[in-house]
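The values are calculated or read from the model by the stated rules, or taken from the named source; none is laboratory data. The shown structure was predicted, so the numbers you read here are calculated from the model rather than taken from an experiment. Here the Cβ positions follow ideal geometry from the backbone for every residue, glycine too, while neighbour counts run over all protein chains shown.
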Ligand code: SF4
């Protein structure tokens, strides 16, 4: 397997989670409730944490939202990021309420005195700031990606002059190519940890692909320390998609991996059903510190033995039974009906 060489970025601590350096690429999402509706917000964050969310962001639109952070924080275990636009005073309130990180948008909070006050509050609370740019909120003429990168560099350098470098940066365009270009260019100039994402991606059918293309390309380049897949859908869908992407790239492992063939006219069993059953069974059995196993499920013997050679365990189906392989070596034939059970047993699960 090709090893990805990650860009060495600085380590930034968000609550108890560290990102950057050699720390795992962290998964995050954003609560979609009104933040001041504490009960609903906490319930959603708990569901997301159970699904694998490691950092949660909440929108801070007014004083009530900023104040609610204290009550939310008492009831959740993952770090909370306050998302601030337009009003820098809300950032200071959010810091006072115990936010673990502040996200500022240079497109709408840019006056030096205001930024200085937020930086001073973050410095005193020892929390980081994410400089979060979206191509849509950076003003000016010319190439929007260039504008976004230049604006991020100017903003971060201004903050550095305030003796603060506890920063994370994001540069989200609404298209995959623009997003990739922006992060590649920015990462050439700094070592700040990068929060990857594409903005306003739409419904999952297109949004997951758009995000995966951009975030995937960057992660394969070794760029990126935390990701959010933004979708016009539930935040649970965002977390599930992020986990699937990281696992598909081999960047992180959350469960044992299945490789299965697309089936064709040679397949004589209901392979889709078998693979779905196996997938569900593996999802219910967390890795719990074990190295992930690779299991090959193939519809016939044409590619079965070859593919299963690459896998820890494999099965190639005939008409009513499948030939079980271990490290490419045929072991025995097993009936289709209880093949999932046998595979799980052979995997010691
Ligand atoms: S493994 Fe066999 S059934 Fe599956 S796609 Fe290849 S030839 Fe078809």
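So for the range 58-76 (the condition being closer than 18 Å to residue 243 by Cα and surrounded by fewer than 20 Cβ atoms within 10 Å (Cβ to Cβ)), does at least one residue qualify?
no
When residue 142 is evaluated against the numbered criteria (1) touching a helix residue (DSSP H, G or I) at 6+ places or on another chain (Cβ under 9 Å); (2) closer than 21 Å to residue 175 by Cβ; (3) loosely packed, with under 15 Cβ neighbours inside 10 Å, which criterion, by number, is the only one it fails?
Evaluating residue 142 over (1) touching a helix residue (DSSP H, G or I) at 6+ places or on another chain (Cβ under 9 Å); (2) closer than 21 Å to residue 175 by Cβ; (3) loosely packed, with under 15 Cβ neighbours inside 10 Å leaves (1) as the failure.
Being part of a helix (DSSP H, G or I), outside the structural domain of residue 52 (by TED's automatic domain parsing) and more than 16 Å from the ligand (Cβ to nearest atom), is that true of even one residue in the range 298-310?
No, the conditions are met nowhere in the range 298-310.
Yes or no: residue 48 assigned to a helix (DSSP H, G or I), in the same structural domain as residue 193 (by TED's automatic domain parsing) and closer than 23 Å to residue 12 by Cβ?
yes
Search the range 269-297 for residues being part of a helix (DSSP H, G or I) and under 21 Å from residue 331 (Cα atoms), and hand back the single one that is nearest to the ligand (Cβ to nearest atom).
So, considering only residues that are part of a helix (DSSP H, G or I) and under 21 Å from residue 331 (Cα atoms), the one nearest to the ligand (Cβ to nearest atom) is 271.
Applying the selection to the range 218-239, what residues are in a helix (DSSP H, G or I) and buried (at least 16 other Cβ atoms within 10 Å of the Cβ)?
Residues satisfying the conditions are 218, 219, 235, 236, 237, 238, 239.
Among the numbered conditions (1) part of a strand (DSSP E or B); (2) more than 15 Å from the ligand (Cβ to nearest atom); (3) surrounded by 15 or more Cβ atoms within 10 Å (Cβ to Cβ), tell me where residue 315 comes up short.
(2)
One residue is enough: does the range 107-127 have a residue meeting the conditions surrounded by 18 or more Cβ atoms within 10 Å (Cβ to Cβ), closer than 22 Å to residue 227 by Cα and modelled with pLDDT under 95?
Among the residues of the range 107-127, at least one is surrounded by 18 or more Cβ atoms within 10 Å (Cβ to Cβ), closer than 22 Å to residue 227 by Cα and modelled with pLDDT under 95, which makes the answer yes.
Would you please name the residue that is nearest to residue 283 (Cα to Cα), looking only at residues in the range 240-268 that are surrounded by 15 or more Cβ atoms within 10 Å (Cβ to Cβ) and within 9 Å of the ligand (Cβ to nearest atom)?
Across the range 240-268, the extreme among qualifying residues is 260.
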